[in-house]
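**Student:** I have a structure here, written as structure tokens, and I will follow up with some questions on it.
The values are calculated or read from the model by the stated rules, or taken from the named source; none is laboratory data. Note that this is a predicted model, so its numbers are computed, not measured. Every residue, glycine as well, gets a Cβ built from its backbone with ideal geometry; the counts of neighbours run over all protein chains shown.
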Amino acid sequence: MGLLTSALTGARDLLGARRDPRRTAWPDVTPAAAPRRVACCICGWSGPGFQGVAHCESSTCPACGSIARDRFLYHCFVRRTQWRPGLRVLETSPRLGADYREAMARRVDYLCSDYDQRAHRGAISVDLQAIEMADASLDVVLSAHVLEHVPDTDRALSELHRVLKPGGHLFLQVPLLQGGTAPPAEPEYHGDRTLVYWRFGWDLTARIREHGFACTALVTRDLYRRARGGDPGWPSVSPEFDVEEILRMVRPGDLTPVATDRVARRARFEPSYMFVTWHASKAG
Ligand SMILES: [Zn+2]
């Protein structure tokens, strides 16, 4: 790429980032008093700290209620896709409520779904194993902590591939508590009383590729460094995560860093072993 072309592309990217409505603050959100050490990429709030502890299920934003893994999913979506008017996005069982869903509807052409209407209130009902949507009808699917509750992973992945447009993207989060995929040893339920069929590991990347997607696991720069042989230890490890096995079984070539240390610190994507989002793209 020539120098001028690359400078022009850079300028266009900057302009695009500024115009991207996914990066604008919610209208009713005002930053807290200084020091503003942390910032929420979903609602735009910033302040001295989030609520709770450093954990993917905590570090809660006082303005929008997002927890750290909500922000990591959103960060991955914004970083890895180009915004354009009418971007058609389906989110399966979003954890956040009406304010979030309304904000998303202002930013993109937003649909959200629930398989089980008891657990969350969504706009439509979708069973990932038989999605009632036309082929090639979506630009983006955001799916957090749903796939582990679906019995047939392959049917779900092939349905997700079918409903995405060529060039479309799937951002997938599941709890990564161990190195390799296995069913739970004993019946396991999550907070909303839904049964867990699978505890996934790094082999999910290869499984996703078998369905025709290009796939990488998005992580923070800190986890990327440790996966490539950096310091394996964290000051403390949550007992439900088998971090030793997670680091032993990781394939560094399957990882892509998407958050610098500074970005991860501001959004509290910490500790880094808790933050993985699979990015699956359908060929254009
Ligand atoms: Zn927020």
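**Student:** R248: of a type in the set (K, R), closer than 21 Å to R71 by Cβ and surrounded by fewer than 15 Cβ atoms within 10 Å (Cβ to Cβ), yes or no?
**Tutor:** Against the criterion (of a type in the set (K, R), closer than 21 Å to R71 by Cβ and surrounded by fewer than 15 Cβ atoms within 10 Å (Cβ to Cβ)), R248 does not qualify.
**Student:** Let me ask another. Within segment 177-216, can you find the residues that are of a type in the set (A, V, I, L, M, F, W, C), closer than 25 Å to R71 by Cβ and in contact with a Lys or Arg (Cβ under 9 Å, 6 or more places away or on another chain)?
**Tutor:** Result: L177, F200, W202, F213, A214, C215.
**Student:** What number of residues in segment 38-61 are over 16 Å from P94 (Cβ atoms) and touching a Gly at 6+ places or on another chain (Cβ under 7 Å)?
**Tutor:** So the count comes out to 3.
**Student:** Another question, then. Out of all the residues in segment 108-126, is one or more within 16 Å of the ligand (Cβ to nearest atom), closer than 21 Å to A25 by Cβ and part of a loop (DSSP other than H, G, I, E, B)? Spell out the reasoning first.
**Tutor:** Our first condition is that a residue be within 16 Å of the ligand (Cβ to nearest atom); within segment 108-126, this holds for none.
The answer is no; no qualifying residue exists.
**Student:** Restricting segment 97-108 to residues that are in contact (Cβ under 8 Å) with a residue 24 or more places away in the chain and surrounded by fewer than 21 Cβ atoms within 10 Å (Cβ to Cβ), which is nearest to G168 (Cα to Cα)?
**Tutor:** If we take residues in segment 97-108 being in contact (Cβ under 8 Å) with a residue 24 or more places away in the chain and surrounded by fewer than 21 Cβ atoms within 10 Å (Cβ to Cβ), then R107 is nearest to G168 (Cα to Cα).
**Student:** I would also like to ask the following. From A103, A32, A25, A63, which residue is of a type in the set (G, A, S), outside any loop (DSSP other than H, G, I, E, B), more than 22 Å from T220 (Cβ to Cβ) and within 16 Å of the ligand (Cβ to nearest atom)?
**Tutor:** Exactly one residue qualifies, and that residue is A103.
**Student:** Which residues, counting only those in segment 66-93, are within 14 Å of the ligand (Cβ to nearest atom) and surrounded by 22 or more Cβ atoms within 10 Å (Cβ to Cβ)?
**Tutor:** Residues of segment 66-93 within 14 Å of the ligand (Cβ to nearest atom): 66-75, 78.
Scanning segment 66-93 gives S66, A68, R69, D70, R71, F72, L73, Y74, H75.
**Student:** What number of residues within segment 25-62 are β-branched (V, I, T), surrounded by fewer than 16 Cβ atoms within 10 Å (Cβ to Cβ) and touching a helix residue (DSSP H, G or I) at 6+ places or on another chain (Cβ under 8 Å)?
**Tutor:** 0
**Student:** Here's another thing I want to ask about it. Residue pairs, Cβ under 8 Å, 6 or more apart or interchain, first in segment 37-54 and under 24 Å from D20 (Cα atoms) and more than 7 Å from the ligand (Cβ to nearest atom), second assigned to a loop (DSSP other than H, G, I, E, B) and charged (D, E, K, R). List them.
**Tutor:** V38/R268; S46/R36; G47/R36; G47/R37
**Student:** Would it be correct to say that C64 is at pLDDT 95 or above, within 30 Å of I124 (Cα to Cα) and out of contact with any strand residue (DSSP E or B) (no Cβ under 8 Å at 6 or more places or on another chain)?
**Tutor:** Criteria met by C64.
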